[in-house]
Amino acid sequence: MKPWTHFSVVAETRRLWRITFDNPPINLVSPETLTELPRLVDQLAADSELRVIVFESANPDYFLNHYDTSRVAETPKELGASGYPLLIDASTRLSRLPVVSIAKIRGRVRGVGSELTQAMDMRFASERALFGQPETANGNLPGGGGLEHLPLLLGRARALEVALSSDDYPGELAERYGWVNRTVPDGELDSLVDDLARRISSFDKESITAVKQQVNRYTLPSADDLKSSYDIYLSSFGWPGSKRRLPAASAAGRNQPGDYELRLGYHLGRQPDVDSPGNIS
């Protein structure tokens, strides 16, 4: 199979493939990732034998991180096969493939990385996993599907909590909230996901396709709704708060290996108050 920039694709069998994210040192989502994801979905859709894909990471500390905000200006502007921006094209088509997608999550999954896992069919997490949507604290908003998928997964109140707090949520709490199917001890994650993936891959593709199509009727947001948030996200980098906050975050260690990224939720909650206190009359 063709090599990719920030992930690899390996066919364990004709029916089961593994896709491994690998963009050292902290698995940021890059403009290259956005360009290649629609081509990956094309490849998945074209294989008539494929039943299941398992997404995992080469980095135990970062499953798939937020967008590389130092490269926002390089965000690709072309459209995918569906006529939507590449990220929206890839995520909506991935959700609707006649193939089961399973995320096997260790480490941190944040921002657009988290949003891409929300477009997958199932998510299983290690006890070491951390989930977050940090955009609000940076003067932006989730623009890759979080504002559309999370209310369906978590409910309105918890989706608002997650998006507005910009905090990290441990795997155990993510399970309680409905963000993931299950959170298990790290040593049990591989066997849980791999056994399930191999089991489903042994079934008939017609049955798998029909089940997904019927469930999708009630559980997926529209591409237009996703694009609405995506457009606002890109424009939000011109907002005064974003122009003020992102340079400070970059200076503190954003997009770089170190404590800031390891404990992003902690640091975002302790950034200086940029407004002067005033009286409310």
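Couple of notes before you dig in:
For (1) modelled with pLDDT of 95 or more; (2) open to solvent by 60 Å² or more (accessible area, probe 1.4 Å); (3) not hydroxyl-bearing (S, T, Y), each residue gets a yes or a no:
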{"position": "T183", "(1), (2), (3)": "yes, no, no"}
{"position": "S201", "(1), (2), (3)": "yes, no, no"}
{"position": "A210", "(1), (2), (3)": "yes, no, yes"}
{"position": "Y230", "(1), (2), (3)": "yes, no, no"}
{"position": "S242", "(1), (2), (3)": "yes, no, no"}
{"position": "R263", "(1), (2), (3)": "yes, yes, yes"}
{"position": "H267", "(1), (2), (3)": "yes, no, yes"}
{"position": "P277", "(1), (2), (3)": "no, yes, yes"}
{"position": "S281", "(1), (2), (3)": "no, yes, no"}
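- Evaluation of V162 against (1) buried (at least 23 other Cβ atoms within 10 Å of the Cβ); (2) closer than 30 Å to I200 by Cα; (3) more than 13 Å from the chain's Cα centre (by Cα) (one fails), failing number: (2)
- For region 1-17, a residue qualifies if it is at pLDDT 95 or above, among the charged types (D, E, K, R) and surrounded by fewer than 18 Cβ atoms within 10 Å (Cβ to Cβ), and the qualifying residues are E12, R14.
- Per the conditions (1) within 17 Å of the chain's Cα centre (by Cα); (2) outside any helix (DSSP H, G or I); (3) closer than 30 Å to R15 by Cα, the sole criterion not satisfied by F203 is (1).
- The condition of being within 22 Å of E36 (Cα to Cα) and surrounded by fewer than 23 Cβ atoms within 10 Å (Cβ to Cβ) holds for L94.
The values are calculated or read from the model by the stated rules, or taken from the named source; none is laboratory data. Everything quoted here is computed from the prediction, not taken from an experiment. Note: ideal-geometry Cβ built from the backbone for every residue, glycine included; neighbour counts use all protein chains shown. These area figures cover heavy atoms from the full protein model, side chains too; ligands, DNA and RNA do not enter into them. Shrake-Rupley method; radii C 1.70, N 1.55, O 1.52, S 1.80 Å.
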